[in-house]
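Shown next, in structure tokens, is the structure this report addresses.
The values are calculated or read from the model by the stated rules, or taken from the named source; none is laboratory data. Just so it is clear, the model here is predicted, and its values are computed rather than measured. Positions of Cβ are generated from backbone atoms using ideal geometry, with glycine treated the same way; all protein chains shown enter the neighbour counts. Note: areas computed on protein heavy atoms with side chains; ligands, DNA, RNA excluded. Shrake-Rupley method; radii C 1.70, N 1.55, O 1.52, S 1.80 Å.
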Amino acid sequence: MATTALMNTYGERQLTLVKGEGMYLWDDQGRRYLDALSGIAVCGLGHSHKGLADALHTQASTLLHISNLYNIEPQQRLADLLCEQSGMEKVFFSNSGAEANEAAIKLARKYGNDRGITNPTVITMNGSFHGRTMATLSATGNPKVKEGFAPLLEGFVHVDYNDIEAVRAAAQDNVVAVLVEPVQGEGGVNVPAADYLNQLRELCDEKGWLLMLDEIQTGNGRTGQLFAFQHNGITPDVVTTAKGLGNGLPVGACLARGQAAEVLQPGNHGSTYGGNPLVCQGAWTVISTLLDEGLIDNAAAQGEYFLSQLGHRLGDNAKVVNIRGKGLMIGIELDRPCAELVGKATDEGVLLNVTAGNTIRLLPPLIINREQADEVIDTVCKLVEAV
Ligand SMILES: Cc1ncc(COP(=O)(O)O)c(C=O)c1O
């Protein structure tokens, strides 16, 4: 019997998962599940990764927390690795994705205020999701998640995703930044035109705006590059990430370069836990393992396999509107609501998710192999055919 002592923010939960290893999870009845969700794009290395567990054990036995009043060696190592791999220059560490975006939004506002813009505005997209704190909720382009939380923060203008002219039309003197997901995750795995980010980069350069990419979900190898913007050969001014960075450890990062990297100064922002020795040693191990073991290339290859197989087997199905994705971030949009498929997949021994009401979402660990991909594909095809 589940406790009644938790706030009802997540609704009723059916499954109690008690153990994980690699691509698999086990429930309290001993039943095994193939994980095609990774704790919502988090566990890229899968579950109970030995190298990560050992690194955490060693770090926890050495130094867990000291605060940001002191130099933190694992934090410095992680910052160097992320900058070296992304072309960014400076990092602020947070404890979650929303907090990484909070840092980015504060950075954009200060960037504006430093230039005499006292009412700075950030352009964000319809269908976006940036988090549940008040600023990130205000930035989010989904009215449903905002309901009941008025008054929201001012300073955000929403325009259609994947529409460069809509961004251009929103230009006003007080705009300071564009905040955008390279692929919209919660909004339904929406993949924009191949040159959308390049066009945004050009427009931001022309207007003197910061290009701020929310890579909370798309970062850390998920799309087949360490960061999704690396598919486009551009560099943003600010990029935020979390989720796969810690493989389950609460860690987020706001990276910046150029003028944006100099905006936040002592006293402007901070966090007691942010970037503590434990999570940074863990995140450094995660990113190093992804790079050393070729898991980002695996994400790209397996992602292509998913799209080709799903296209081949479901492309002609009248119920399927669209199959799309990048790397191991895959959506199968149906012509009807399909939330019940989550429970049906669980019954088949596969954990997956439905987002935006009608889109089956696959976000498997980046360690997935061909056989496991086939099992997920078989299950999805069976479920869609039975709808
Ligand atoms: C693109 C994006 N931004 C921000 C967030 C918020 O991250 P967190 O739940 O860690 O606060 C999410 C979470 O789903 C996300 O997908």
Inter-probe distance in nm under a simple model that places probes 7 Å from Cα toward Cβ, at residue 305 and residue 2: 3.4 nm
Sites matching chymotrypsin sites (Phe, Trp or Tyr not before Pro) across the range 146-196 that sit in DSSP coil, with at most 15 neighbouring C-beta atoms within 10 Å: 149
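Does the chain come out rounded, prolate or oblate by the C-alpha gyration tensor, with a ≥ b ≥ c the root eigenvalues, rounded set by a/c under 1.5 and, if not, prolate when a/b is larger than b/c and oblate if not? Let's see the in-between values first.
Details: a/c = 1.62, a/b = 1.22, b/c = 1.33.
The shape class here is oblate.
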Vicinal HN-Hα couplings computed from phi for the range 338-346 (Karplus, 6.51 cos²θ - 1.76 cosθ + 1.60; Hz; Gly/Pro x): 9, 4, 5, 5, 4, x, 5, 5, 4
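With the Cα gyration tensor of the range 135-227 giving a ≥ b ≥ c as the square roots of its eigenvalues, does the rule (a/c under 1.5 for rounded; else a/b larger than b/c for prolate; else oblate) give rounded, prolate or oblate?
On the way: a/c = 1.81, a/b = 1.09, b/c = 1.67.
Here the range 135-227 falls in the oblate category.
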Per-residue SASA entry for residue 56, accessible area with 1.4 Å probe, Å² rounded to 10: 40 Å²
Pair residue 152, residue 385: separation of 7 Å Cα→Cβ label points (nm): 4.3 nm
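What whole-number value in Å² describes the accessible area per residue of the range 222-328 for a 1.4 Å probe?
On the way: 3960 Å² over 107 residues.
Per residue, the range 222-328 has 37 Å² of solvent-accessible surface.
Among the chymotrypsin sites (Phe, Trp or Tyr not before Pro) in the range 1-92, which ones are in a DSSP loop with at most 15 other Cβ atoms within 10 Å of the Cβ? Mind listing them? Numbers along the way, then the final one.
On the way: sites: 10, 24, 26, 33, 70, 92; in loops: 70.
For chymotrypsin sites (Phe, Trp or Tyr not before Pro) across the range 1-92 that sit outside H, G, I, E and B with at most 15 neighbouring Cβ atoms in 10 Å, the list reads 70.
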Within straight-line cross-link reach of residue 19, aspartates and glutamates at Cα separation under 19 Å, skipping those fewer than 8 residues along the same chain: 27, 28, 35, 54, 347, 348
Neighbour net charge for residue 170 - beta-carbon separation under 13 angstrom, K R +1, D E -1: -2
For the range 73-137, accessible area per residue (1.4 Å probe, heavy atoms of protein chains only), Å²: 41 Å²
5 Å-binned pair-distance histogram of the range 213-279 (Cα, whole percent): 4, 16, 22, 23, 19, 13, 4, 0
Of all accessible heavy-atom area on the range 294-361, the percent that carbon and sulfur account for (1.4 Å): 47 percent
Volume of the Cα convex hull of the range 254-376, divided per residue and given in Å³: 186 Å³
Estimated [θ] at 222 nm from DSSP helical runs (n ≥ 4, -39500 (n - 2.57)) normalised by residues in the chain, nearest 500: -11000 deg cm²/dmol
Cβ-Cβ FRET estimate between residue 26 and residue 268, R0 fixed at 56 Å, reported to 0.05: 0.80
Rg ratio (alpha-carbon, reference 2.2 N^0.38 Å) - the range 1-145: 1.37
Carbon plus sulfur fraction of accessible area for the range 124-255, probe 1.4 Å, in percent: 48 percent
